1. For the pair Asn15/Ser73, report the inter-label distance in nm, with labels modelled 7 Å from Cα in the Cβ direction.
2. Go through region 16-21 residue by residue and turn each phi into a ³J(HN,Hα) via Karplus (6.51, -1.76, 1.60, θ = phi - 60°); whole Hz please, and just put x for glycine and proline.
3. What ranking, highest mean first, results for peptides 131-140, 11-20 when packing means the other Cβ atoms within 10 Å averaged over each residue?
4. If you take the square roots of the eigenvalues of the alpha-carbon gyration tensor of region 12-73 and sort them as a ≥ b ≥ c, do you get rounded (a/c under 1.5), prolate (a/b over b/c) or oblate?
5. What are the lysines whose alpha-carbon lies under 28 Å from the alpha-carbon of Lys151, with same-chain residues fewer than 8 places away excluded?
6. How large is ³J(HN,Hα), in whole Hz, for each residue of region 25-33 in order, when computed from phi with the Karplus curve 6.51 cos²θ - 1.76 cosθ + 1.60 and θ = phi - 60°, using x for Gly and Pro?
Amino acid sequence: MDPNRLETLIYTHQNTLYRAALAILGDAHEAEDAVQDAFLRCLEKAPCFESPAHEKAWLLRVTVNGCKSRLRSPWRRRTAPLLDTYPAAGPEEESLLESIMALPAKDRAVLHLYYYEGYQTAEIAAMTGWREGTVRSRLSRARAKLGDLLKGELE
């Protein structure tokens, strides 16, 4: 792969991949590592992309799969996150972000891909390897859990 092409890919997709990884992993440093691994994978495999949308979907899938592998790692179970709170623009966003981070990783992943990245359930299913019905049910359950968490904060 041409080094200039890799630089263009990084410049174009780094924020999207980082946000997805952070939503799944909940740790900024691990998210950075997952994104770096995704770009290294792209450099190693040098895939031919049909379109910019295919390029983005491929990189997101590699990132999501890498995050899932990190979550399964025994090392992760032995560590605790260092941050007590997560950075956000304002108090209301901080409250929402903390509520989202309280959800399980699978719920965070599906919420992020659907609401922040704008993917449809079929596209999320293709990226994560889940069935489309599973994505819809996880999305529904994640919304319900998030709603319960937010209602609990308002009371």
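Where a number appears in this text, it was derived from the coordinates with a stated rule and is not lab data. Model, not experiment: these values are computed from the prediction. For neighbour counting, all protein chains shown are included, and Cβ atoms are generated from backbone atoms with ideal geometry for every residue, glycine included.
1. 2.7 nm
2. 4, 5, 5, 4, 5, 5
3. With the highest mean Cβ count within 10 Å placed first, the list reads 11-20, 131-140.
4. prolate
5. Lys106
6. 8, x, 9, 4, 5, 5, 5, 4, 5
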